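Written below as structure tokens is the structure these notes are about.
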């Protein structure tokens, strides 16, 4: 039975692997393992195999290393080819939102040990009026800010922080008209 795109990509380890490839374009399992040191090598191989078999990763290079073959992988330009449907994208977005909701629920369930103010938990939303070019420019600027911090290495002061940027369709009223 073939898994759908949302099921494949929603795994947190696979999301981190994809993020690694977005930053570095290509990598061997050893290079990824050095960055994702909290993921066992066996688990990393399993997740890369899933991404490869799903058509999200491709082998860019193979070279013999100490009696085995080391593969260099890269992201496929169009993951899963033309098989990604509108329904797959919808499921990916909905699953992402459910995962965010679940992480907040879990966080607040441990309310005796968690401090939302100290942990700087926040949510904000605004509606902007932007042309496609303005929106693309804004996304580029947001990407530059993210890129400044994506390669931070762990330290005693650094905590994992999950930031989610969502571009949502405008809300429509019962007459099908957009409302900001």
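Numbers below:
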{"quantity": "Degrees between helix 86-109 axis and first principal axis of the chain (Cα, 0 to 90, nearest 10)", "calculated": "80 degrees"}
{"quantity": "Computed FRET value (nearest 0.05) for residue 49 with residue 19, which takes r as the C-beta separation and R₀ as 22 Å", "calculated": "0.75"}
{"quantity": "With Cα atoms, 0 to 90° folded angle of helix 12-24 axis to the chain main axis", "calculated": "80 degrees"}
{"quantity": "222 nm mean residue ellipticity, helices alone, for the chain (DSSP H n ≥ 4; -39,500 (n - 2.57); rounded to 500)", "calculated": "-14000 deg cm²/dmol"}
{"quantity": "Proxy reagent accessibility, fewest Cβ within 10 Å first, across 47, 24", "calculated": "24, 47"}
{"quantity": "Extended-chain gain in nm, criterion 0.36 nm per residue less alpha-carbon gap, residue 62 and residue 89", "calculated": "6.5 nm"}
{"quantity": "Using alpha-carbon coordinates, inclination of helix 41-53 to the longest axis of the chain, degrees", "calculated": "70 degrees"}
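No lab work stands behind these numbers, since they all come straight from the coordinates. This structure is a prediction, so every number in the text was calculated from the model and none was measured. Glycine gets a Cβ as well: all are built from the backbone with ideal geometry, and neighbour counts include every protein chain shown.
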